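Remarks on the structure that follows.
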Protein chains: 2
Amino acid sequence: MSTDTNPTLADKLATAIADGILNGRLPPGERLDEVGLAEQHGVSRTPVREALRQLAMSGLIDMRPRKGAIVSKATPEEIESLFVAMAEMEATCARLAAMSMTPVERRRLQARHEAMMALAAAGDTEAYSDANVAFHSAIYAGAHNAPLAEYAMNLRRRVGPYRRAQFRVDGRLLRSNQEHDAVVRAIVSGDAAGAHAAMIHHVSLVEDAFEAFAAINAA
Amino acid sequence: MSTDTNPTLADKLATAIADGILNGRLPPGERLDEVGLAEQHGVSRTPVREALRQLAMSGLIDMRPRKGAIVSKATPEEIESLFVAMAEMEATCARLAAMSMTPVERRRLQARHEAMMALAAAGDTEAYSDANVAFHSAIYAGAHNAPLAEYAMNLRRRVGPYRRAQFRVDGRLLRSNQEHDAVVRAIVSGDAAGAHAAMIHHVSLVEDAFEAFAAINAA
DNA sequence: TGAGATGAAATTGCATACAATTAAGGCGGG
DNA sequence: CCCGCCTTAATTGTATGCAATTTCATCTCA
């Protein structure tokens, strides 16, 4: 009766390591020592290796035969590619969502968006960031296409380490919310092309914010 | 000096099993027994398990904890989703290619397309099929975006088992070539929106051909 | 006859052991 | 003082062994 939820150690390790990468505890370039990870989690190397292979396929880590694994460290050009890819995937999902979301999904998306207005006005960066992930995930789901949604989500995870502090750039919250408004209006009204354009615009601006932030950090 | 080409056993197994799936020797739903695969390739279960985990992340196989792995067997709805996703990814790549291909790449794409006309006219299904993969791969590459190209290629692999005989449908070769013509013209002329539309059109028709073929087989 | 229990066999998950490659440190020569 | 080689430690790749779960055939009983 209950859903069979028996993840293997390798599965749990994969999510644990991925979490470490996403929340910044494992920064890009960090070496992933098999015995270290094994001891740290109280398991043997076997499930660790399986987890690493899984993460390597997702692009979160890089494995070189006999040279070990590291958290993926992208060059600026590769980061740019990741952002472009994410923008395209999100825009595609937005377009499909505009075409195939159910009325209920459209209303919920609208409600979610409106709730975020308050967070943006209050300047609650933490809560807005969480809500933002949920907002974009709702659009992925609204595309009603599992493979595309999975790729979009995966790209979002991959760019995560490089956009950690994006919302701290001055005024990003309100601006993000305004851009969401255009996206939501297009999706709710069934304007496929408009949804695509608005989402590309939105994510591209996120990338700009990242670049501004990176420039500040480099200085 | 020589490039370091030392794939591990797990890597070689992953490609070997993937080949088996792609060329139809391992049909969807086929059980992937660890000891069987190990004996068959003369290795132990350890690298086999790592290869399976790698393939599971690519979507080519399904693994359920403690229940073993099978070649992914998609429902008709899931196959539909895969085709839609592939159409979107290819269209996105075509649009980016129209915007960012170099003059040399455009000329090569045109030349490749023209060479395929002869194959279509001659009815050489085998050669056309191979050239077709290369044609689409050239467009992925022309997008100048590694993540998108990788996803597009991966989707192409995943739908492979369900479209094996598409070109045998009567007249598909010539028609495919005509559709390619629209795609190539748009890309070469830098018409981004046109390239997107033409590619969606093309891949959607491929899906129609698949469905026609499936209907024939079901009868 | 068929549904459910029961046992053995098969299969997966994980740990340990060993082999092979790579990285690190010291040594001598220039 | 720096560069290269050699030795040794550290790390990865693979094999094997054992425990646990699943599967399947058989048996029992309604």
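The values are calculated or read from the model by the stated rules, or taken from the named source; none is laboratory data. None of these values were measured; they are calculated from a predicted model. Glycine also receives a Cβ, built like all others from the backbone with ideal geometry; neighbour counts cover every protein chain displayed.
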Taking the condition of being away from chain A (no Cβ under 12 Å), surrounded by fewer than 16 Cβ atoms within 10 Å (Cβ to Cβ) and within 26 Å of A:L9 (Cα to Cα), how many residues in the range B:1-29 meet it? 2
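Identify all residues within the range A:30-51 that are among the β-branched types (V, I, T) and exposed (fewer than 14 other Cβ atoms within 10 Å of the Cβ); write none if there are none. Step through it out loud before you land on a result.
Quick first cut of the range A:30-51, residues among the β-branched types (V, I, T) only: A:35, A:43, A:46, A:48.
The answer is A:V35, and nothing else.
Would you say A:T5 is polar (S, T, N, Q) and more than 12 Å from DNA strand C (Cβ to nearest atom)? Don't jump to the end; show me each part of the working.
On the way: polar (S, T, N, Q): yes; more than 12 Å from DNA strand C (Cβ to nearest atom): yes.
In short, yes.
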Number of positions in the range A:3-33 that are more than 16 Å from DNA strand D (Cβ to nearest atom) and either part of a loop (DSSP other than H, G, I, E, B) or not assigned by TED's automatic domain parsing to the domain that holds A:R53 (or both): 5
Looking at B:R158, B:R112, B:R172, B:R108, which is the one that is under 25 Å from A:Y151 (Cβ atoms) and basic (K, R)? B:R158
How about the range B:34-78: which of its residues are more than 9 Å from chain A (Cβ to nearest Cβ), polar (S, T, N, Q) and within 13 Å of DNA strand D (Cβ to nearest atom)? B:Q40, B:S44
Tell me, yes or no, whether the range B:86-96 has at least one residue that is among the hydroxyl-bearing types (S, T, Y), within 14 Å of another protein chain (Cβ to nearest Cβ) and touching a Ser or Thr at 6+ places or on another chain (Cβ under 8 Å). yes
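Yes/no per residue for (1) under 23 Å from A:I200 (Cβ atoms); (2) of a type in the set (S, T, Y); (3) modelled with pLDDT of 95 or more:
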residue: B:E80; (1), (2), (3): no, no, no
residue: B:M86; (1), (2), (3): yes, no, yes
residue: B:C93; (1), (2), (3): yes, no, yes
residue: B:S100; (1), (2), (3): yes, yes, yes
residue: B:V104; (1), (2), (3): no, no, yes
residue: B:H113; (1), (2), (3): no, no, yes
residue: B:A121; (1), (2), (3): no, no, no
Can you name the residue in the range A:40-64 that is part of a helix (DSSP H, G or I) and of a type in the set (D, E, K, R) and is also farthest from A:V159 (Cα to Cα) among such residues? A:R45
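Over 30 Å from B:E34 (Cα atoms), without any contact (Cβ under 8 Å) to a residue 40 or more places away in the chain and either touching a His at 6+ places or on another chain (Cβ under 9 Å) or surrounded by 14 or more Cβ atoms within 10 Å (Cβ to Cβ) (or both), is that true of B:R95?
So B:R95 fails the test.
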